[in-house]
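The values are calculated or read from the model by the stated rules, or taken from the named source; none is laboratory data. Everything numeric here is computed off the predicted structure, so don't read it as measured data. Note that we place each Cβ from the backbone using ideal geometry, even for glycine, and neighbour counts take in every protein chain shown. Accessible surface areas use protein heavy atoms only, side chains included; no ligands, DNA or RNA. Shrake-Rupley method; radii C 1.70, N 1.55, O 1.52, S 1.80 Å.
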Amino acid sequence: MDRPITTGQLKDKSLFQDSDGTAVPAKSMCYSCSKLKIFLGALAFSFFAKGFSGSYMKSMSSQIERRFEISSSIVGIIDGSFEIGNLMVMVLVSYLGPRVHRPKVIAVGCLIMSLGAFLSVMPQFLMGRYNYERITVTVDNTSTSVSACSPAASEAHPFTDATETPSAMKTFGLVRSSGMFGPTLGFLLGSFCASVWVDIGLVDIDAISINPKDTRWVGAWWLGLLICGAVNFIASLPFWFLPYSLPKEGENGNLKISHLPVQDDCKVDPPAQPQLKFSEAVKDFFPALKKLFGNPVFLVYIFLTILQYNSLVGLITYETKFMEQQFNVSVARAIFLIGVILLPITILGMFLGGFLIKKFKLHITEMAKFACITFIVAYFLNLLYFTCSCEVLQVAGLTAPYSGLKHLSKNSFMASCNADCSCKLDQWDPVCGDNGITYMTACFAGCKSSTGTGKNMVFRNCSCVEGHGHGLGNSSAVLGQCQRESCTKAFPYFLALQTTCAFILALGGTPTYMIMFRSVSPDLKSFAVGIETLGGRVLGGLPAPIYFGALIDETCLKWGTKNCGGSGSCRVYDTKAFRNVYLGLIAGLRAGCCLLYIVLSVLIMKRFKPDGKEMTDIKNTKSSISKESATANKNEILPGARTSEESEETCM
């Protein structure tokens, strides 16, 4: 007969009744449920903070490239270096996770992310204000007309026209999904910061002669990093106050909660943290690793994950640059569209994929077929990207001949119309002539005078523009590159196609992820997640931005110039070559994914047959492991584990 528990005993220390009727000290149910809710809320916010910071950094890659005048491949190295930290600790943490104080480990990780964000801001303040590349002009006696074309050699000094101014599975699905909203807000923050001048508060914005569509424009990339650092710091705080573990709540009936009403204070000391012996923790590491890679389904899944990471990371890292160069869209607008259209559609697809699994109770073989079909359909739609072509920007002497010349000679930047202007070949301050041709500077357009200031400056008497139906002295040019109207019109079709592909890919994303959980034994699931994430990030997240960036650099037609000399960031790309390289890499990687999806589906259909031997073995393994876990670990579980219906009713 169970020993009665008095209210006085309950106030002194919470008591559970074991299966034999013995009173067992542990946390009370109200304490357990409150800590559980705190843990789940903190974990969800940490997922949000991680996604928020990561997506913001991705969105700012082009701004960092221009601010520090570096190539896309260098930006790729910076982007990929984020994965080096994961490489150092990921496998160890995933394997030792059940044996350490996990809330504090998460807290340390959030603090490191916060510190990294704050440190990343320092170069902005150490290097001084950003001076974008611009030619110097001479002023005539009237002080209202300036000349870009001067017989005297014009110096290529960097210039700024700004002046200073005063200064359980359901729970696990829910938790992970909260992190999906982080990237959306991260991209929205990136869009805002990309539209704000980098030295906001220190310069006169009205005096800046370029706009966000200019390839020299740099947004306030550092501002968002301060916000990301603060968000990650806040995310770390709750984990410092969480216990090592929470008590089991009626799992397998081993612990029966006494049905006494709990009204008052429910304070108890947390259970003592067991000492971790490193030798005991790692002795089974290599056997577990061998068992995982001896599983052909898991091995193919890992290769598939690596290829998917490569295509996805390469796509996301340079998507804004691709939109800017191909469709004449500002970086700020491209980031905004990704945040408000592509990411929400992706989240919807993942939720719907999970709903279909639950609704129709899909078997692992059915999930494999579903994931394979959706990916192949998305792949063939992906090939339609190549039809969204756009003409190359017509730059005189670079991609188009000067007036009066029928053919373009390689690097024929000079012509008879500007031969006496002494133009510097390494300058880039583009103007758009009345003839629809872009010139690298007003000097190369042969402009003799100008009116207006700042963004409203108009160059007159441009000798290189006069040959295209303009009378002598009537030709003019305005600041900035010429707009490509056909590219702008093609952009909505590209965006609609990309949205459709993203939805279909996301639809099969959840079934693909579930394949890993159902193809490994329960005792190796945590380790399998660590291996999968490590392989994807190290062999996908690390190299993809580097080789994508290096190949994109090969399509550059005109490089900028650093203040101290040397090549800076790219000003003009061969858009046709850029499109073929960027989309070709993605298509090639996804072609490999299609092949691996087919192989994976065949392996699963052979191995996992409903009511077959393999499924029976897995069920028996789950049952035995569950019993062993309940016996050996009676008093504690990981915060966030699934609770039984009985314990939920007790808490309510």
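Among the listed residues Lys104, Lys13, Lys27, Lys37, which satisfies the condition of being open to solvent by 70 Å² or more (accessible area, probe 1.4 Å) and modelled with pLDDT under 50? Give the steps one after another, and end with the answer.
Working: Lys104 fails: modelled with pLDDT under 50; Lys27 fails: open to solvent by 70 Å² or more (accessible area, probe 1.4 Å); Lys37 fails: modelled with pLDDT under 50.
That would be Lys13, the only listed residue that is open to solvent by 70 Å² or more (accessible area, probe 1.4 Å) and modelled with pLDDT under 50.
Cβ-Cβ under 6 Å, sequence separation 6+ or interchain: first residue in segment 378-394 and farther than 14 Å from Thr575 by Cβ, partner open to solvent by 20 Å² or more (accessible area, probe 1.4 Å) and of a type in the set (A, V, I, L, M, F, W, C). Which pairs?
Within 6 Å, the pairs are Ala378/Ile504; Ala378/Leu505; Leu384/Leu497.
Which residue out of Phe360, Phe327, Phe336, Phe322 is of a type in the set (A, V, I, L, M, F, W, C), surrounded by fewer than 19 Cβ atoms within 10 Å (Cβ to Cβ) and either over 19 Å from the mean Cα position of the chain (by Cα) or modelled with pLDDT of 90 or more (or both)?
Details: Phe327 fails: surrounded by fewer than 19 Cβ atoms within 10 Å (Cβ to Cβ); Phe336 fails: surrounded by fewer than 19 Cβ atoms within 10 Å (Cβ to Cβ); Phe322 fails: surrounded by fewer than 19 Cβ atoms within 10 Å (Cβ to Cβ).
None of the other options fit; the residue is Phe360.
hydroxyl-bearing (Ser, Thr, Tyr) and over 22 Å from the mean Cα position of the chain (by Cα) - does that describe any residue in segment 534-556?
Of the residues in segment 534-556, the ones hydroxyl-bearing (Ser, Thr, Tyr) are 547, 555.
Restricting the remaining residues to those that are over 22 Å from the mean Cα position of the chain (by Cα) gives 555.
The answer is yes, given that some residue of segment 534-556 is hydroxyl-bearing (Ser, Thr, Tyr) and over 22 Å from the mean Cα position of the chain (by Cα).
Taking the stated definitions as given, is Phe503 within 22 Å of Ser601 (Cβ to Cβ) and in contact with a Lys or Arg (Cβ under 7 Å, 6 or more places away or on another chain)? Give the derivation first.
Working: within 22 Å of Ser601 (Cβ to Cβ): yes; in contact with a Lys or Arg (Cβ under 7 Å, 6 or more places away or on another chain): no.
Answer is no for this residue.
Can you confirm whether Asn418 is open to solvent by 70 Å² or more (accessible area, probe 1.4 Å), within 20 Å of Glu133 (Cβ to Cβ) and either assigned to a loop (DSSP other than H, G, I, E, B) or at pLDDT 80 or above (or both)?
Working: open to solvent by 70 Å² or more (accessible area, probe 1.4 Å): no; within 20 Å of Glu133 (Cβ to Cβ): yes; either assigned to a loop (DSSP other than H, G, I, E, B) or at pLDDT 80 or above (or both): yes.
In short, no.
Looking for something exposed (fewer than 15 other Cβ atoms within 10 Å of the Cβ) and modelled with pLDDT under 65 - is there at least one such residue anywhere in segment 69-87?
So in segment 69-87, the residues exposed (fewer than 15 other Cβ atoms within 10 Å of the Cβ) come out as 81, 84-85, 87.
Now restrict to residues that are modelled with pLDDT under 65: none.
No, because not a single residue in segment 69-87 is exposed (fewer than 15 other Cβ atoms within 10 Å of the Cβ) and modelled with pLDDT under 65.
Does Ile604 qualify as being at pLDDT 80 or above, within 26 Å of Gly480 (Cα to Cα) and out of contact with any Asp or Glu (no Cβ under 8 Å at 6 or more places or on another chain)? Please lay out each step first, then the result.
Values: at pLDDT 80 or above: yes; within 26 Å of Gly480 (Cα to Cα): no; out of contact with any Asp or Glu (no Cβ under 8 Å at 6 or more places or on another chain): yes.
In short, no.
Considering segment 534-562 alone, what residues qualify as being over 27 Å from Asn328 (Cα atoms) and not aliphatic (A, V, I, L, M)? Before you say what the answer is, go through the steps one by one.
Taking segment 534-562 and keeping what is over 27 Å from Asn328 (Cα atoms), we get 534-543.
Residues satisfying the conditions are Gly535, Gly536, Arg537, Gly540, Gly541, Pro543.
When you look at Ala442, is it at pLDDT below 85, part of a loop (DSSP other than H, G, I, E, B) and more than 34 Å from the chain's Cα centre (by Cα), yes or no? Step through it out loud before you land on a result.
Values: at pLDDT below 85: no; part of a loop (DSSP other than H, G, I, E, B): yes; more than 34 Å from the chain's Cα centre (by Cα): yes.
No.
Just to check your reading of the model, which residue among Ser178, Ser147, Ser154, Ser120 is at pLDDT 60 or above and buried (at least 20 other Cβ atoms within 10 Å of the Cβ)?
Working: Ser178 fails: buried (at least 20 other Cβ atoms within 10 Å of the Cβ); Ser154 fails: at pLDDT 60 or above; Ser120 fails: buried (at least 20 other Cβ atoms within 10 Å of the Cβ).
It is Ser147.
Starting from segment 50-65, keep only residues that are within 17 Å of Phe233 (Cβ to Cβ) and among the basic types (Lys, Arg), then list their pairs with residues that are assigned to a helix (DSSP H, G or I) and open to solvent by less than 20 Å² (accessible area, probe 1.4 Å) whose Cβ atoms are within a distance under 6 Å, requiring at least 6 positions of separation or different chains.
Pairs that qualify, where the first residue is within 17 Å of Phe233 (Cβ to Cβ) and among the basic types (Lys, Arg) and the partner is assigned to a helix (DSSP H, G or I) and open to solvent by less than 20 Å² (accessible area, probe 1.4 Å): there are none.
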